[in-house]
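Please treat every number below as a calculation from the coordinates, not as lab data. Keep in mind the model is a prediction, meaning the values are calculated, not measured. We place every Cβ from the backbone using ideal geometry, glycine too, and count neighbours over all the protein chains shown.
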Amino acid sequence: MEETQTQIGMLKDPSPMLGQPENTGRQKMERRDQLYLLLDLLNAMSEPVKKTHLLYRTHINYYQLTRYLGLLLRLEMVKEISHPFDGYIITEKGRLMQSLFNTRS
């Protein structure tokens, strides 16, 4: 009987035994620094995109999006568009930064 319980216990998540936090079924997002956030935003704006879609593509909150989007607009790396819809698109200056720093796939 003990042997069966031990075998069943082995089927549980071994993370706590390995000193790791228990797996709750949700994937933990890796923290990104500011440069990677900016690059993710630039990558997401390679074609015209709405603000809401940027939120979903980059997995950041609204406060972060407005902060970093404001920075990219001030640096003229992206521009606001009104056709075919209200949104944003990367500029040549943004593409240059993207090509210089984008080493991730």
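Taking 0.36 nm per residue of separation and subtracting the current Cα-Cα distance, fully stretching the chain between R95 and E76 would add 5.8 nm. Counting other Cβ atoms within 10 Å as a rough exposure proxy, the listed residues L75, L38 run L75, L38 from fewest neighbours to most. Scaling against 2.2 N^0.38 Å puts the C-alpha radius of gyration of the stretch 30-105 at 1.00. Proximity of backbone amide H atoms, modeled 1.01 Å from N, is registered between T91 and V78, K79 at under 5 Å, excluding neighbours fewer than 5 places apart on the same chain. A Förster radius of 30 Å, combined with the Cβ-Cβ distance separating R31 from N102, puts the computed FRET efficiency at roughly 0.95. Each of H53, H83, H59 has some number of other Cβ atoms within 10 Å of its Cβ, and from fewest to most they run H83, H59, H53.
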